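J.: My structure is below; once you've seen it, I'll send some questions.
The values are calculated or read from the model by the stated rules, or taken from the named source; none is laboratory data. This is a predicted model, so every value here is computed, not measured. Backbone-built Cβ (ideal geometry, glycine too); neighbour counts: all protein chains shown.
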Amino acid sequence: MITVEDARALLFGLVDRLPAETVSLSQAAGRILAQDVAAKRDQPPFAASSMDGYAVKSSEVELHAMFKVVGEAAAGRRYSGQVGAGQAVRIFTGAPVPDGADFVVIQEDTERRDDLITITDMPGDKTNIRPKGVDFKSGTTISAPRRIRPEDVALMAAMNIPEVPVARKPIVALISTGDELVMPGDTPGPDQIIASNTFGLKALLEDVGAEVRILPIARDTVASLETAFDLATGADLVVTIGGASVGDYDLVADVSANLGMERSFYKIRMRPGKPLMAGRLGKAAMVGLPGNPVSAMVCGYLFLVPMVRRMVGLAEALTPFQTAKLVAPLGQNGPREHYMRAILDNDGIRACDDQDSSLLSVLAQANALLVRQPNDPARPAGDEVLYLQI
Ligand code: AMP
Ligand code: MG
């Protein structure tokens, strides 16, 4: 059995960074930027007014000063003349500031009669002008890799970047195994349960940028499992769920070996999730997850998410552990690393009462995995512990 850390290193060895592809800007949100992109223009492309008012010379701004309004500058339509001494141009937000002017008196500080304005409230020092290129200049870059957020999309749009280089989405095939499983919405027989892991894992992995295919449930026969593996052809990562242990119906190890899986490791010294296997199956990486729902999800967080992040080129593939103070004592840990379902709030962190690896309701209440080292001694409230946010 190997440690979680060693397992992660070996899993990273099974996946490579995927090549980039180009998508239109409107499809880019949530994807991982694969190459730096550069602004194709300055923003604003000219000195622009930030207010509605009058463009004048700053040297002439004083209380009761009068100006003759000689023209108008609106957003999208500049005033092409010069602003001379004693002159003002009516200006609106977003309009280019005309030559000769270097100050915008806001309209609230003026009174207008016909084409004459008077400054009735002394303006402060603020010019109300956005300098050319103050937001970004032509050539300003957005650096890769990064997950493209809505604000990045807005920025790229403003930069006039209509097509975006992003990492290809890793294709993950999920195979649930077991005679007892039916799909949500189906009618289970008296001895059957609903396949839950595939759906939880799909949501988890799509959230970090994978394209996930849920394959038909494989029955506990060699032929059914072989068919499922066949259907997984073309995936970058093939994940089986269940059937990975040592029971009579745990066929994943044998069937995958017969199909040529080069095993990287089998079994991790951890709770939950000990019977995890991984290796290379043709061009794909393969991970065999334990079937217990909590084990499968915890292994998803610890192993599959980092693999997906690695494939999309995120340098920080591993989400760092954080620390929190215990609000309730913990008993001594056993010989395996333990990822305990836990609840983190402003007071600190507390392990959930029942750590059975089949209890999805407990996992759904948890928002953290509290990490215990092998043989970690009993800990009083107030001790600092490591956790992974989920
Ligand atoms: P196994 O590893 O196949 O022995 O499965 C361990 C436990 O997890 C059994 O109780 C299975 O019924 C359950 N299980 C396996 N796969 C799934 C799944 N996809 N969804 C929900 N439970 C599962
Ligand atoms: Mg099974």
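J.: Does R213 fit the bill of being surrounded by fewer than 23 Cβ atoms within 10 Å (Cβ to Cβ), within 19 Å of M286 (Cα to Cα) and either of a type in the set (V, I, T) or more than 12 Å from ligand 1 (Cβ to nearest atom) (or both)?
T.: yes
J.: Among the residues in the stretch 173-180, are any more than 16 Å from ligand 2 (Cβ to nearest atom) and touching a residue at least 12 places away in the same chain (Cβ under 8 Å)?
T.: yes
J.: Continuing with this model, one more query. Could you list, in sequence order, the residues of the stretch 188-210 that are part of a loop (DSSP other than H, G, I, E, B), more than 16 Å from ligand 2 (Cβ to nearest atom) and surrounded by 12 or more Cβ atoms within 10 Å (Cβ to Cβ)? Show your work before the answer.
T.: Initially, the stretch 188-210 is screened for residues part of a loop (DSSP other than H, G, I, E, B), giving 188-192, 195-196, 208-210.
So of that shortlist, the ones also more than 16 Å from ligand 2 (Cβ to nearest atom) come out as 190, 208-210.
Matches in the stretch 188-210: V208, G209, A210.
J.: How many of the residues in the stretch 224-246 are crowded, with 16+ Cβ neighbours inside 10 Å, within 14 Å of ligand 2 (Cβ to nearest atom) and assigned to a loop (DSSP other than H, G, I, E, B)?
T.: 4
J.: Restricting attention to the stretch 1-45, which residues are exposed (fewer than 15 other Cβ atoms within 10 Å of the Cβ), in contact with a strand residue (DSSP E or B) (Cβ under 8 Å, 6 or more places away or on another chain) and under 30 Å from E72 (Cβ atoms)?
T.: Correct list: empty.
J.: Would you tally the residues in the stretch 19-44 being touching a Ser or Thr at 6+ places or on another chain (Cβ under 9 Å), assigned to a loop (DSSP other than H, G, I, E, B) and over 23 Å from D207 (Cα atoms)?
T.: 4
J.: Would you check if K132 is among the basic types (K, R) and either within 16 Å of ligand 1 (Cβ to nearest atom) or free of Cβ contacts under 8 Å to residues at least 60 places away in the same chain (or both)? Working first, answer last.
T.: Values: among the basic types (K, R): yes; either within 16 Å of ligand 1 (Cβ to nearest atom) or free of Cβ contacts under 8 Å to residues at least 60 places away in the same chain (or both): no.
Spelling it out, it is not the case that K132 is among the basic types (K, R) and either within 16 Å of ligand 1 (Cβ to nearest atom) or free of Cβ contacts under 8 Å to residues at least 60 places away in the same chain (or both).
J.: Given the criterion over 30 Å from L363 (Cβ atoms) and over 29 Å from the mean Cα position of the chain (by Cα), identify the matching residue among D191, D135, D114, D179.
T.: When all the criteria are applied, what remains is D114.
J.: Yes or no: the stretch 247-258 includes at least one residue that is surrounded by fewer than 22 Cβ atoms within 10 Å (Cβ to Cβ), away from ligand 1 (no atom under 14 Å from the Cβ), charged (D, E, K, R) and without any contact (Cβ under 8 Å) to a residue 60 or more places away in the chain.
T.: No.
J.: Using the structure shown, decide if P272 is more than 30 Å from D354 (Cα to Cα) and either buried (at least 24 other Cβ atoms within 10 Å of the Cβ) or within 16 Å of ligand 2 (Cβ to nearest atom) (or both).
T.: no
J.: Looking at (1) among the acidic types (D, E); (2) more than 30 Å from Y249 (Cβ to Cβ); (3) within 16 Å of ligand 1 (Cβ to nearest atom), can you tell me which one E108 breaks?
T.: In the conditions (1) among the acidic types (D, E); (2) more than 30 Å from Y249 (Cβ to Cβ); (3) within 16 Å of ligand 1 (Cβ to nearest atom), E108 misses (3) alone.
J.: Moving on to the next point. So is G185 surrounded by fewer than 16 Cβ atoms within 10 Å (Cβ to Cβ), free of Cβ contacts under 8 Å to residues at least 40 places away in the same chain and assigned to a loop (DSSP other than H, G, I, E, B) or not? Spell out how you get there, then give the answer.
T.: Values: surrounded by fewer than 16 Cβ atoms within 10 Å (Cβ to Cβ): yes; free of Cβ contacts under 8 Å to residues at least 40 places away in the same chain: yes; assigned to a loop (DSSP other than H, G, I, E, B): yes.
Yes, satisfied.
J.: Please go through the stretch 214-223 and pick out each residue that is over 34 Å from the mean Cα position of the chain (by Cα) and either in a strand (DSSP E or B) or among the acidic types (D, E) (or both).
T.: Once the filter is applied, which keeps residues that are over 34 Å from the mean Cα position of the chain (by Cα) and either in a strand (DSSP E or B) or among the acidic types (D, E) (or both), the stretch 214-223 yields only D220.
J.: Being modelled with pLDDT under 95, out of contact with any strand residue (DSSP E or B) (no Cβ under 7 Å at 6 or more places or on another chain) and surrounded by 20 or more Cβ atoms within 10 Å (Cβ to Cβ), is that true of even one residue in the stretch 345-367?
T.: Checked the stretch 345-367: at least one residue is modelled with pLDDT under 95, out of contact with any strand residue (DSSP E or B) (no Cβ under 7 Å at 6 or more places or on another chain) and surrounded by 20 or more Cβ atoms within 10 Å (Cβ to Cβ).
Yes/no matrix, rows are residues, columns are (1) farther than 30 Å from D36 by Cα; (2) away from ligand 2 (no atom under 16 Å from the Cβ); (3) surrounded by fewer than 24 Cβ atoms within 10 Å (Cβ to Cβ); (4) modelled with pLDDT of 95 or more:
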| position | (1), (2), (3), (4) |
| --- | --- |
| G279 | yes, yes, yes, yes |
| M286 | yes, yes, no, yes |
| L289 | yes, no, no, yes |
| Y301 | no, yes, yes, yes |
| E316 | no, yes, yes, no |
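J.: Among (1) more than 16 Å from ligand 1 (Cβ to nearest atom); (2) more than 30 Å from P45 (Cβ to Cβ); (3) in contact with a helix residue (DSSP H, G or I) (Cβ under 8 Å, 6 or more places away or on another chain), there is one condition K169 misses while meeting the rest; what is its number?
T.: (3)
J.: With a cut-off of at least 3 residues that are without any contact (Cβ under 8 Å) to a residue 60 or more places away in the chain, name the strands (runs of 3 or more DSSP E) lying wholly within the stretch 287-372.
T.: The strands (runs of 3 or more DSSP E) meeting that bar are 337-345, 348-351, 368-372.
J.: Can you tell me which residue within the stretch 58-89, out of those that are among the charged types (D, E, K, R) and surrounded by 14 or more Cβ atoms within 10 Å (Cβ to Cβ), is nearest to D114 (Cα to Cα)?
T.: Ranking the qualifying residues of the stretch 58-89, first place goes to E72.
J.: From the list V166, V134, V105, pick out the single residue that is buried (at least 17 other Cβ atoms within 10 Å of the Cβ) and either hydroxyl-bearing (S, T, Y) or over 20 Å from E21 (Cβ atoms) (or both).
T.: Testing whether each residue is buried (at least 17 other Cβ atoms within 10 Å of the Cβ) and either hydroxyl-bearing (S, T, Y) or over 20 Å from E21 (Cβ atoms) (or both) leaves just V105.
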